[in-house]
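Worksheet: the structure to be examined is printed underneath.
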Amino acid sequence: MKIAITGANGYIGRHVVQTLMELGHDVTAVDIHFEKDDEKNVAADIFDFSQNLFKKLNSPEALVHLAWQDGFQHNSDSHLLNLANHYNFIRLMADSGCKNISVMGTMHECGFIEGRITAATPCNPLNLYGIAKNALRQSLLLLASQAGFSLKWLRAFYILGDDLKNHSLFCKILQMEKDGKKTFPFTKGNTLYDFISIDELAKQISAAAIQTDVTGVINVCSGEPVTLKDKVEDFILEHHLKIRPEFGAFPDRIYDSKIIYGDVTQIKKIIETQKY
């Protein structure tokens, strides 16, 4: 299958490109800039609608739209300012003939939820990143029903792996270790989150993207809540770090959910069907 992947040079994108190529697909990696030339890499501004974007992206049969500015800055104005451009890009690709489209979502579109998040969980996002993603999800689901294309909204949770590039707590731990710090202040770490490795996430995204039987909101996650404390301690042990957390130095934020994780019914169905 001919597949175009936007945001291909990003944290998640690099792993999805590699996974789909290993599966034998004809992948076009799309981003605003690439460090090295490759015939599979297309440097393009996907918000420049004066060009024939469908042709520039090698007329793909499927699109995996991962591109998003300031994904780690949750209250950046860019989330709302770029919202219409994301919608118009997807509409253009669908109108041009790409009928299999997958778009990256986030648990932040859900807002404060305690417990399991399903495809039907009502959303009330609490930051601009979540608000923009939620609005894009709602508008694209409506567009897909009207324009007749297959839409997979891939909702991710907390991601581990490739840790120097993911801007997460674990990236910060590695940097503090590198800086020679012995300890770092932390909360009690009793909240439970849904963690997934970047490699497993890339496999789930790829599996969902190449099929059209299961559509709509699909959680791409582990489905297993784990305490942040346990995950931090496992990370330190796995990477043979000397630095140690000071649990309880910071109070837990009152607006953080005590437990949040994703329902994996749909992604399991996809993977079992493909024997992936």
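One table, with the values for the structure above:
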| quantity | calculated |
| --- | --- |
| Euclidean distance of C-alpha centroids, segment 226-241 and segment 55-117, integer Å | 31 |
| Relative packing of peptides 231-238, 109-116, 62-69 - highest average C-beta neighbours within 10 Å first | 62-69, 109-116, 231-238 |
| Evaluated over segment 222-276, the Cα radius of gyration and Dmax, each in Å | 16.4, 47 |
| Amide N of segment 28-64 lying under 13 Å from the label point, which is placed 7 angstrom from the Cα of residue 95 along Cα→Cβ | 49-54 |
| Carbon + sulfur, % of accessible area of segment 139-219 - ligands and nucleic acids excluded, 1.4 Å | 53 |
| Unit charges on C-beta of K, R, D, E only; dipole of segment 37-195, Debye | 400 |
| Cα-based equivalent ellipsoid of segment 124-195: semi-axis lengths in Å, sorted from largest, via gyration tensor | 37, 14, 11 |
| Sorted largest first, extent of segment 23-63 alpha carbons per principal axis (Å) | 33, 26, 13 |
| Inter-label distance, nm, simple model (7 Å from Cα along the C-beta direction), residue 190/residue 167 | 3.1 |
| Solvent-accessible area per residue, Å², over segment 73-201 with all protein chains present [probe radius 1.4 Å] | 44 |
| Magnitude of the charge dipole, the chain, Cβ model with Lys/Arg +1 and Asp/Glu -1, debye to 20 | 320 |
| Computed helical MRE - 222 nm, the chain, DSSP H runs ≥ 4 contributing -39500 (n - 2.57), nearest 500 | -10500 deg cm²/dmol |
| Spatially near lysine pairs across segment 1-127, Cα under 15 Å, sequence gap of 8 or more or different chains | 7 |
| Extended-chain gain in nm, criterion 0.36 nm per residue less alpha-carbon gap, residue 141 and residue 52 | 29.6 nm |
| Extent along principal axes [Cα atoms of segment 1-71; Å; largest to smallest] | 33, 27, 21 |
| Diffusion constant of segment 1-124 at 25 °C, which comes from Stokes-Einstein with the Kirkwood Cα-pair radius and 0.890 mPa s, µm²/s | 157 |
| Simple Cβ-charge dipole of segment 124-275, Lys/Arg +1 and Asp/Glu -1, about Cα centre, in debye nearest 20 | 280 |
| Mean Cβ count within 10 Å, highest first, over the residues of peptides 177-189, 86-98, 199-211 | 199-211, 86-98, 177-189 |
| Residue 77-residue 127 pseudo-label distance in nm [points 7 Å out on the Cα-to-Cβ vector] | 1.9 |
| Taking the convex hull of Cα positions in the chain, its mean projected area over all directions (nm²) | 14.9 |
| Formal net charge of residues neighbouring residue 194 (Cβ-Cβ distance under 11 Å; K, R +1; D, E -1) | +1 |
| For segment 69-217, radius of gyration divided by Kirkwood radius, i.e. Rg to Rh on alpha-carbons | 1.01 |
| Computed over segment 177-236, Kirkwood Rh from alpha-carbon pairs, angstrom | 14.2 |
| Hits among lysines - C-alpha to C-alpha of residue 269 under 17 Å, sequence gap 8 or more where chains match | 152, 203 |
| Rounded to 5, percent antiparallel among DSSP beta bridges of the chain | 5 |
| Amide H contacts under 5 Å for residue 155, placed H, 5+ residues apart | 105, 218, 219, 220 |
| Segments 128-141, 24-37 sorted - mean Cβ within 10 Å per residue, highest first | 128-141, 24-37 |
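The values are calculated or read from the model by the stated rules, or taken from the named source; none is laboratory data. Computed from a prediction, not measured in an experiment: that's the story for all the values here. When we count neighbours, we look across all protein chains shown, and the Cβ atoms used for this are built from the backbone with ideal geometry, even at glycine. Accessible surface areas use protein heavy atoms only, side chains included; no ligands, DNA or RNA. Shrake-Rupley method; radii C 1.70, N 1.55, O 1.52, S 1.80 Å.
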